[in-house]
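Undergrad: Starting off with a structure, shown below.
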Amino acid sequence: MAYKNLQKFIQDLEKNGELKRIKVQVDPYLEITEIADRMSKTGGPALLFEHVKGSNYPVLINAFGSYKRMQMALHCNSFDDIGHKIFNLITMQPPKTIAEKIKALLTLKDIANVMPKEVSKAPCQKHIITDGALLDALPILTCWPKDGGPFITLPIVITKDPETGIQNAGMYRMHKFSNTTTGMHWQYNKDGARHYRKYCQLQQRMPVAIALGGSPAITYAATAPLPPDIDEMLFAGFLEGEPVELVKAKTVDLLVPAQAEFIIEGYIDPGDETIEGPFGDHTGFYSAADRYPVFHVTCITTQDNPVYPATVVGKPPMEDCYMAKATERIFLPFLKMLIPEIVDIELPLEGVFHNCALVSIKKEYPGQAKKAINALWGLGQMASTKYIAVFDDDINLRDYSTVVWKLLNNVDPRRDVMIVEGPLDALDHSAPYQNFGGKMGIDATRKTKEEGMGRDWPEEIKMSDDIIELVNKRWKEYGF
């Protein structure tokens with residue numbers, strides 16, 4: 001069953017014992033973060049704070065903070081299932097037989113049935129607020145003691161390419177400066193930043209709309225590493241199995257999710273930038289204050305009795321880790337299509353998804369591991385990965401004990417380690433310069449003589465299959 005809006009998702013979370021209501025008053029200044037952090041670290045439920053100091057709106061947090069809740073949000077039993085479904089779609093061969101033609105038509109019909117649909121009236125515009133308390137009315141969280149102020153942490157930021165008219169939905173934190181202004185923290189390589197640079201070149205005001213809530217699939221789609229100009233709303237509809245309804249915003253020329261809880265409309269003027277941050281980030285460290293564009297609010301529209309969705313990031317594991325794990329599995333088939341030797345990939349939570357990638361490959365020729373490392377550094381967001389370690393395909397990358405064993409025993413530092421310079425994630429505080437620094441590729445596969453191995457590679461100790469089977473059969477006889 002599709003979740004047309006956040007309220008439906010909340011109902012389902014509660015029905016499945018995945019939601020805890022907090023009825024006492026709580027403070028959006030630090031207190032909610034401390035509660036949510038404890039729940040994140042202990043596998044606790046989603047939290048609905050019904051009485052938030054200084055606001056009439058309840059706060060939902062940790063809604064995506066477990067594998068189960070992420071799977072509920074995306075209507076799947078396994079994230080890999082979604083990846084395989086997408087892979088089968090994009091690799092579909094031209095039909096040859098009647099049966100194949102019918103199957104192709106049905107597949108295309110499925111895609112047509114989830115195309116975004118524009119509507120004239122929408123729940124998100126039930127109430128239109130143009131003056132008085134705008135951002136001041138929202139329960140915007142101050143998450144950590146040294147944050148620069150309150151931050152909107154789960155915004156779906158909608159922008160439009162001024163040349164093509166194609167919209168994009170991304171997720172960029174928003175530092176609240178006043179009742180009507182925020183920062184817009186989009187990094188240099190994000191689509192929102194790309195659109196902003198075009199508006200600056202054209203010296204045109206940039207329309208922006210922010211959706212809070214709506215279908216959980218839309219929130220996830222805004223975080224997904226889709227190629228430029230691929231419609232996030234189409235992707236969300238694909239995940240939901242039905243079209244995302246869009247409505248024309250009231251004060252800007254943009255289409256926004258009709259079922260959102262809140263829509264914040266406004267604009268950014270070319271070159272209008274100021275200091276944003278610092279912010280306690282998903283690396284577990286504060287990201288430094290820097291100059292970013294200023295977003296000006298023109299109006300806020302809401303549903304009846306809306307719920308304010310938020311998240312908190314910090315030392316892993318936290319809620320964002322589960323969203324990123326979904327991305328790891330969903331987009332693995334794309335990596336396999338582009339780099340065929342890849343068997344599996346694991347992005348450790350401790351690496352906060354841009355610091356480390358563990359990769360297994362089906363190795364068939366000398367140098368293939370290093371070829372895979374360089375290929376990954378040439379792909380989209382993987383270009384920012386600081387450490388890539390490549391293993392043979394007979395390893396379980398989620399068995400960290402074995403991973404470390406292989407890493408420490410299979411690698412000769414002089415022969416198997418590549419040190420290069422290139423782009424890094426903007427949040428990597430260890431880099432000598434923002435967005436640029438050193439990266440390491442490690443070949444932890446079995447080596448051949450062609451790769452500089454001057455002696456025979458030793459055989460790994462393994463018990464014979466017949467003895468394993470014998471002991472399995474007799475296990476209870478041994479008294480275990």
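Read-outs: derived from the displayed coordinates by stated rules, not from any lab. Predicted, not measured: the structure shown is a model, and the values here were computed from it. We place every Cβ from the backbone using ideal geometry, glycine too, and count neighbours over all the protein chains shown.
Undergrad: What order do you get for Ile461, Ile395, Ile468, Ile61 when you list them from fewest to most C-beta neighbours inside 10 Å? Walk me through the numbers on the way to the answer.
TA: Working: Ile461 5, Ile395 19, Ile468 11, Ile61 25.
Ascending Cβ contact count within 10 Å gives the list Ile461, Ile468, Ile395, Ile61.
Undergrad: Once the other residues with Cβ under 11 Å from the Cβ of Lys53 are scored (Lys, Arg +1; Asp, Glu -1), what is the net sum?
TA: On the way: positive: none; negative: Asp27, Glu31.
Summing Lys and Arg as +1 and Asp and Glu as -1 gives -2.
Undergrad: If each residue's Cβ is checked for other Cβ atoms within 10 Å, how do Val417, Val359 rank with the fewest at the top? Write out the running numbers ahead of the final one.
TA: On the way: Val417 14, Val359 25.
By the 10 Å Cβ count, ascending, the order reads Val417, Val359.
Undergrad: Sticking to Cα atoms, compute the Rg of segment 364-420 to one decimal and its Dmax as the biggest Cα-Cα distance, whole number, in Å.
TA: Cα-based Rg and Dmax for segment 364-420 come out at 12.1, 31 Å.
Undergrad: Hey, got the dipole for segment 339-451? About the Cα centre, +1 on K and R Cβ, -1 on D and E Cβ, debye to the nearest 20? Please list the in-between numbers first.
TA: Details: 13 positive and 17 negative charges, 56 e Å.
Around 260 debye, computed over segment 339-451.
Undergrad: Quote the charge dipole size of segment 151-199 about the Cα centre in Debye, to the nearest 20; the model charges only the Cβ of Lys and Arg (+1) and of Asp and Glu (-1).
TA: On the way: 7 positive and 3 negative charges, 26 e Å.
Using Cβ point charges on Lys, Arg, Asp and Glu, segment 151-199 gives about 120 debye.
Undergrad: Compute, for the chain, the length of the dipole vector about the Cα centre, with Cβ point charges of +1 (Lys, Arg) and -1 (Asp, Glu) only. Units Debye, rounded to 20. Don't skip to the answer; put the middle values down first.
TA: On the way: 53 positive and 62 negative charges, 92 e Å.
Approximately 440 debye in magnitude.
Undergrad: Stretch Trp475-Gln381 to full length: gain in nm at 0.36 nm per residue minus the Cα-Cα span?
TA: On the way: separation 94, 0.36 × 94 = 33.84 nm, distance 4.80 nm.
So the extension gain works out to 29.0 nm.
Undergrad: Please give the calculated 222 nm ellipticity per residue for the chain, where each DSSP H segment of at least 4 residues contributes -39500 (n - 2.57) and the sum is spread over every residue; nearest 500 deg cm²/dmol? Don't skip to the end; give the middle numbers.
TA: Details: 14 runs with 138 residues, N = 480.
Rounded to the nearest 500, it is -8500 deg cm²/dmol.
Undergrad: Could I ask something else about it? Taking Lys198 as the anchor, which aspartates and glutamates have their alpha carbon closer than 15 Å to its alpha carbon, excluding any fewer than eight residues away along the same chain?
TA: By straight Cα distance, Lys198 reaches Asp161, Glu163, Asp229, Asp269, Asp272.
Undergrad: With a sphere of radius 10 Å drawn around the Cβ of Glu14, what net charge do the other residues whose Cβ falls strictly inside it have (Lys, Arg +1; Asp, Glu -1)?
TA: Net charge around Glu14: +1.
Undergrad: Related question: For every other residue with a beta carbon closer than 13 angstrom to the beta carbon of Glu232, add +1 if it is Lys or Arg and -1 if Asp or Glu, then tell me the sum.
TA: Local charge sum for Glu232: -2.
Undergrad: Pairs of alpha-carbon atoms within less than 8 angstrom and 6+ residues apart define the contacts here; what relative contact order does the chain have, in percent? Spell out each step's value before the answer.
TA: Values: 970 pairs, mean separation 70.0, N = 480.
It comes to 15 percent, rounded to a whole number.
Undergrad: Select one label from (1) 1.09; (2) 0.98; (3) 1.00: the one whose number is Rg/Rh (Cα atoms, Kirkwood Rh) as derived from the coordinates shown.
TA: Matching the structure shown: (3).
Undergrad: Could you work out how much longer the chain between Ile230 and Glu118 gets when fully extended? Use 0.36 nm per residue separation minus the Cα distance between them, nm to one decimal.
TA: Extra length available between Ile230 and Glu118 comes to 38.6 nm.
Undergrad: Here is the link list: Lys126/Lys315; Lys85/Lys363; Lys176/Lys325; Lys8/Lys146. Which ones come out longer than 32 Å on Cα distance? Before the final figure, lay out the partial values.
TA: Values: Lys126/Lys315 38 Å; Lys85/Lys363 26 Å; Lys176/Lys325 29 Å; Lys8/Lys146 35 Å.
Those over the limit are Lys126/Lys315; Lys8/Lys146.
Undergrad: Length gain on complete extension for the stretch Ile461 to Asp269, per 0.36 nm per residue less the alpha carbon to alpha carbon distance? Don't skip to the end; give the middle numbers.
TA: On the way: separation 192, 0.36 × 192 = 69.12 nm, distance 6.50 nm.
Separation in residues times 0.36 nm, less the Cα-Cα distance, equals 62.6 nm.
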